[in-house]
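Reviewing the structure listed below.
The values are calculated or read from the model by the stated rules, or taken from the named source; none is laboratory data. Keep in mind the model is a prediction, meaning the values are calculated, not measured. Cβ placement follows ideal geometry from the backbone for every residue including glycine, while neighbour counts extend to all protein chains displayed.
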Amino acid sequence: MADSRAPRPPGLSIFFPAYNDGGTIASLVILAVQVAGRLTPDFEVIVVNDGSQDATKDILDDLARTYPNVRAIHHQQNRGYGAALRTGFGASTKDLIAYTDGDAQYDPAELPLLWNRLSPDADMVTGFKISRSDPWHRVVIGRVYHHTVKFLFRLRVRDVDCDFRLMRREIFDRVKLEKDTGVICLEMMRKIQDAGFRVVEVPVHHYHRLHGRSQFFNFKRVFWTGIDVMRLWVKLVVLGRGRTNPPVLFRNPTISGVVPPESTKP
């Protein structure tokens, strides 16, 4: 007989920001449904279609009709990666939120690696790339960006822009995100650090992009990203805006069942 006093399983929201990811998003969503169902019976899968011009919208509408746990949210126009993330965070309703990109460069099947490291004393588990599977020029630009922003923003995480994360939804009761660009990841990690939340890191695989191409790696976008980074640096580091008082770490008994085995505790 089941123990009625046992804590309820934690709820899980998984979402994908997607832009012209028609070649990958269906397999990601189906895999996410399978993986989430093995972790908890209380889950939802959300895809934020950021104004895609390919078949992404039609594919997502078909998936939402087929799977009761799947929801599609459509931006009428492309609003930017940050805007898609903010929509996903705002639409998530469960205790825990996981997200990764719709281009399949991260594998949702590795979500249990993050799940098993979320102890009652951790508020976020973020991946770090074991090896970056990108063309050499993207690897070089990525390393320069990583070391530069890690120094400027005094970040303690080892991989600032690994977009494979699991976190407690209560984080966003204190952390308010504003950016519409890819700089939102930098904004998020700095604000979470300033707020005193505990972050755990785990290694994850990074794969070659099989469909489409990156919207970031062109001179114009890199230039304006640099401007955006400096504006954010002035606001968060020089002026110190957006800081909050350190919180008490979440110890909600309803979700304390997410405890890693002894061999994987941080």
| Can you tell me which of ASP62, ASP21, ASP107 is in contact with a helix residue (DSSP H, G or I) (Cβ under 7 Å, 6 or more places away or on another chain) and at pLDDT 95 or above? | ASP21
| task | Provide a single number: the residues in segment 165-187 that are under 16 Å from GLY82 (Cβ atoms) and either of a type outside the set (Gly, Ala, Ser) or modelled with pLDDT of 95 or more (or both). | result | 14
| message | It is to be established whether one or more residues within segment 33-42 are surrounded by fewer than 20 Cβ atoms within 10 Å (Cβ to Cβ), among the acidic types (Asp, Glu), modelled with pLDDT of 95 or more and in contact with a strand residue (DSSP E or B) (Cβ under 9 Å, 6 or more places away or on another chain). | response | yes
| said: Quick check on my filter: what residues within segment 195-237 are modelled with pLDDT of 85 or more, of a type in the set (Phe, Trp, Tyr) and within 18 Å of the chain's Cα centre (by Cα)? | reply: PHE197, TYR207
| From the set of residues in segment 67-104 that are of a type in the set (S, T, N, Q), under 13 Å from GLU44 (Cα atoms) and in contact with a helix residue (DSSP H, G or I) (Cβ under 7 Å, 6 or more places away or on another chain), which is surrounded by the most Cβ atoms within 10 Å (Cβ to Cβ)? | SER92
| field | Of the criteria (1) surrounded by fewer than 22 Cβ atoms within 10 Å (Cβ to Cβ); (2) within 23 Å of ARG156 (Cβ to Cβ), which one LEU114 fails | value | (1)
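Given the residues ILE14, ILE30, which is the only one that is outside any helix (DSSP H, G or I), in contact (Cβ under 8 Å) with a residue 24 or more places away in the chain and surrounded by 15 or more Cβ atoms within 10 Å (Cβ to Cβ)?
Working: ILE30 fails: outside any helix (DSSP H, G or I).
After ruling out the rest, the residue left standing is ILE14.
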| field | Residue, nearest to the chain's Cα centre (by Cα), within segment 85-136, restricted to residues that are farther than 14 Å from LEU166 by Cβ and among the basic types (Lys, Arg) | value | ARG86
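Yes or no: LEU152 over 17 Å from the mean Cα position of the chain (by Cα) and modelled with pLDDT of 85 or more? Walk me through it before giving the result.
Working: over 17 Å from the mean Cα position of the chain (by Cα): yes; modelled with pLDDT of 85 or more: yes.
Criteria met by LEU152.
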